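**Q** Quick one: this structure, given as structure tokens, is what I'll be asking you about.
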Amino acid sequence: MQVSAAYHWTKNSYTTPLYYYGTGGSTLGGGTDTYRYKYLTAPVLLRYTFTEPAARFHFDGLAGITVLYGHFNFTTTSPPSSYYGYPNDYSSSSTKASVTLGPAVRYSLSPQVELTANGLVSAMLGDNQYRFANWLFLNVLVGAHYTFGQ
């Protein structure tokens, strides 16, 4: 069994020039729009090895469940919340699960150290998307594993 986690976050800010129209004419104002995205993925995968255990090169099949947690936050300093009818601060989060399948290769440098590469395809569970292609996403993972003990 293989369990891992990946965390990704990004923040984008934009300065927005805006014209406000009032009784005294128009004035140029502006503000800052800030978008923050955070994602946590945690795949829990079973590994089946197709090669002999003593070989240095291994070819594996992986299958399991991946959990994805996403959080979005939008903040703006302008226009005032009543200007367009939306709030100046908005947050949303979602947790999804997907079935994950794919091949993996491992190369043993020593009994404790392996170089790895996984090519995984995940299909979202429980979403009613218009197209099936919207349910799928691909991950390519490259890394090194160290085994404690033995």
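The values are calculated or read from the model by the stated rules, or taken from the named source; none is laboratory data. As the structure is a prediction and not an experimental result, all values here were calculated from the model. We place every Cβ from the backbone using ideal geometry, glycine too, and count neighbours over all the protein chains shown.
**Q** Looking at segment 17-34, is at least one residue surrounded by 13 or more Cβ atoms within 10 Å (Cβ to Cβ), modelled with pLDDT of 80 or more, closer than 30 Å to Ser108 by Cβ and touching a strand residue (DSSP E or B) at 6+ places or on another chain (Cβ under 6 Å)?
**A** no
**Q** Return a yes/no flag: does segment 107-119 have any residue that is assigned to a strand (DSSP E or B) and at pLDDT below 90.
**A** no
**Q** What are the residue pairs meeting all of these: first residue in segment 84-97, first residue closer than 25 Å to Thr32 by Cα, second residue modelled with pLDDT of 60 or more and assigned to a strand (DSSP E or B), Cβ atoms under 6 Å, and 6 or more apart or on different chains?
**A** The qualifying pairs are Asn88/Thr76; Asp89/Thr75; Tyr90/Phe74; Ser91/Asn73; Ser92/Phe72; Ser93/His71.
**Q** Looking at Gln150, Gln129, which is the one that is under 20 Å from the mean Cα position of the chain (by Cα) and modelled with pLDDT under 90?
**A** Within the list Gln150, Gln129, the selection yields Gln129.
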